[in-house]
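Since every read-out is calculated from the coordinates, none of them should be taken as a lab result. Only a predicted model underlies this, so the values are computations on that prediction, with no experimental measurement involved. Reconstructed Cβ throughout: ideal geometry from the backbone, glycine too, with neighbour counts over all protein chains shown.
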């Protein structure tokens, strides 16, 4: 291979390594460790975990059945609907956040929800809402691809054996598609953990209230508290890295099954 | 056996429903119209080339694809029911054993719809595993089974809930010759033990001959003929491009039974030995053109059922060579692949030696 191709590789590697070491070596390890133990970092981590897990859960409830329907049915206008459902993937989160802010604001859904005692804007629920919005299409796409890979034939076999549609879904389709769904879940969760733009709009940046890890980084960089900002950044990156590893591991899990040839 | 009083299971796609059959591709309806009866406890084999609509027919009977027409099982209409309520078992060509479940769990899945106790379930599973010689493999995942074992596991799963009819789609096409042959015998054994009514489809004539109580021929989405296996094999219509090659029917003079399972007859001025089959004297023997072996040189080996003749004509169609021979005043057809014919460098009007394979001669 031409050696010229190695140059971009080296540049990319140095780029990533440079960014990571800049973040790492800015402060001494002692300062970072001290900041990791601070109340604010711990609050942000806990809130991030709770909101992102809730959002991922919601994304699964919405995304997996939608993916199943799209994988198994054909109807006029499916391509248009399909493209439409992918829009959250390409909308800038900040803009999506403004949309959510208007939709759940007092002029639209907010007033009615408020009557029922449900307050979403500028509460942790706003963060959950924003994260669900960005994570759902990811889970939906992966699930759909996984169901398409498995194909409908195992479901046919199950139907001739007398299983009802719900039994077929939970005992056959879902277990056979689990690998793709898990990969989608991890990607969606990572996206939810790192969600910033939409969260900022919908939940605001309120210390010790809607302060997820990315919001905490933003708040502390703004106020000059580098220690807390960087320690939150490190926690965020560590979870991202762990999830990358988990994805690799899922991808390499040997599959005892062989999918049908047609 | 007398079938006349046996209850008839009736599967019918009326011919006049042709335009109403709704498949995915409406411009190309695969099933043109099929009407047939399946007798209780029989194994009916439909044979036909690929593209004849065999699998489509089974999928319709199972209720997996939309269809028009009537399907009766034990006299009850099932065509309005979803597949899960038809009580029709299906052995798919690609088996579709659930890869994430052990063999036992696969069988257990099929028993969910029956309201029976846990011990009855276990009892059924273990006796079915035993019937299919799978007892030691019950805890394995399908991925850890050989091709033949998978086949038996899928058969066990399809049968464990005692379906009223079992459909089999090319049941042994993916297996090597020996395994396939062994499993055909196994299927015959299981069929006779359980007495489940079975409808199988295959493109393999030999398989159809081995398996079937009766046989139907399907081409182009239609059922061309249906009847006794020997009857179809020997008197099959030989339409141009038809699936079945017409058998040679050779007039002969019955001489005597040799008492060792062989009959001695006189044909084309020479002796011929024919397997004893039923014991009635006959004055014709039939043999399929596939079982007439020819060569430009005298073949080695024992000089039994040999003949010498002359090639009249060689026709090539669809990768097969059809050779017409004259043996004395007798016309004999032989069939082989085009490659085989080329390797033998056969030519019209040249002398030819041949063998009529003993096992495939039938008195009639």
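Taking a ≥ b ≥ c as the square roots of the eigenvalues of the Cα gyration tensor of the stretch B:141-193, is the shape rounded (a/c under 1.5), prolate (a/b larger than b/c) or oblate? Could you put the intermediate results ahead of the total?
On the way: a/c = 1.89, a/b = 1.25, b/c = 1.51.
Cα axes put the stretch B:141-193 in the oblate bin.
Within 10 Å of each Cβ of A:147-154, how many other protein chain Cβ atoms are there on average? Numbers along the way, then the final one.
Numbers: counts 0, 0, 0, 1, 1, 1, 4, 7.
Mean shielding by partner chains, rounded to a whole number: 2.
Compute the separation of the alpha-carbon centres of the stretch B:83-146 and the stretch A:1-74 and state it in Å as a whole number.
When both Cα centres are located, 45 Å separates them.
To the nearest 500 deg cm²/dmol, what mean residue ellipticity at 222 nm is calculated for chain B from DSSP H runs of n ≥ 4 alone, each contributing -39,500 (n - 2.57), summed and divided by the residues?
On the way: 8 runs with 83 residues, N = 364.
Roughly -7000 deg cm²/dmol at 222 nm, from the helical runs in chain B.
Above 25 Å lies some portion of the pair distances; for chain B, what is it as a whole percent of all C-alpha pairs?
Values: 40571 of 66066 pairs.
Tail of the P(r) past 25 Å holds 61 percent of the pairs.
Looking at the protein assembly as shown only, what percent of DSSP beta bridges run antiparallel? Nearest 5 please. Don't skip to the end; give the middle numbers.
Numbers: 56 of 75 bridges.
Of those bridges, close to 75 percent are antiparallel.
What share of the DSSP beta bridges in chain B is antiparallel, in percent to the nearest 5?
Numbers: 56 of 75 bridges.
Rounded to the nearest five, the antiparallel share is 75 percent.
Give me the inter-chain shielding for B:81-93: mean count of other chain Cβ atoms within 10 Å, whole number please.
Rounded to a whole number, the mean comes out at 4.
When 1/r is averaged over all different Cα pairs and the result inverted, which Kirkwood radius in Å belongs to the stretch B:254-295?
Working: mean 1/r = 0.0884 Å⁻¹.
This gives a value of 11.3 Å.
With the Cα gyration tensor of the stretch A:1-152 giving a ≥ b ≥ c as the square roots of its eigenvalues, does the rule (a/c under 1.5 for rounded; else a/b larger than b/c for prolate; else oblate) give rounded, prolate or oblate?
Numbers: a/c = 2.28, a/b = 1.17, b/c = 1.95.
The shape class here is oblate.
For peptide B:103-115, compute the average count of partner chain beta-carbon atoms within 10 Å of each residue's beta-carbon.
Working: counts 0, 0, 1, 2, 1, 0, 9, 6, 2, 7, 5, 1, 0.
For this peptide, the per-residue mean of nearby foreign Cβ atoms is 3.
Is the shape of the stretch A:113-262 rounded, prolate or oblate, going by the alpha carbon gyration tensor and its root eigenvalues a ≥ b ≥ c, with a/c under 1.5 for rounded and a/b larger than b/c for prolate? Don't skip to the answer; put the middle values down first.
On the way: a/c = 4.30, a/b = 1.89, b/c = 2.27.
It comes out oblate by the Cα gyration axes.
In the Gaussian network model of chain B, springs joining C-alpha atoms below 10 Å, which of B:350, B:173, B:102 carries the largest mean-square fluctuation?
Top of the fluctuation ranking is B:350.
May I ask you to sort A:142, B:257 by Cβ crowding, counting other Cβ atoms within 10 Å and putting the fewest first? Mind dumping the intermediate values first?
Details: A:142 24, B:257 13.
Result, fewest neighbours first: B:257, A:142.
What is the ratio of the Cα radius of gyration of the protein assembly as shown to 2.2 N^0.38 Å, where N is its residue count, to two decimals?
On the way: Rg = 35.3 Å, N = 626, 2.2 N^0.38 = 25.4 Å.
Ratio of Rg to 2.2 N^0.38 Å for the protein assembly as shown: 1.39.
What order do you get for A:108-118, B:319-329 when each peptide is scored by the mean count of other beta carbon atoms within 10 Å, highest first?
Values: A:108-118: 11.8, B:319-329: 15.8.
Highest mean packing first, the order is B:319-329, A:108-118.
Can you grab the distance from the C-alpha centre of the stretch A:84-109 to the C-alpha centre of the stretch A:136-157, Å, no decimals?
27
Could you work out which residue, out of A:170, A:208, A:102, moves most in a Gaussian network model of chain A, that is, has the largest mean-square fluctuation with Cα springs under 10 Å?
Per the Cα network of chain A with a 10 Å cutoff, A:170 tops the list.
If you build a Gaussian network model of chain A, linking Cα atoms that sit under 10 Å apart, which residue out of A:38, A:231, A:48 swings the most?
Checking each option, the largest mean-square fluctuation is seen for A:38.
In µm²/s, what is D for chain A at 10 °C and 1.306 mPa s, where D = kT/(6 pi eta Rh) by Stokes-Einstein and Rh is the Kirkwood radius from Cα pairs? Present the calculation step by step, with values, prior to reporting the outcome.
Working: Rh = 20.8 Å.
Answer from the Stokes-Einstein relation: 76 µm²/s.
Quick one: P(r) of the stretch B:248-363 from all Cα-Cα pairs, 5 Å bins, percents rounded to integers, in order of increasing distance.
Taking every Cα pair in the stretch B:248-363, the percentages come to 2, 12, 23, 23, 18, 12, 6, 4, 0.
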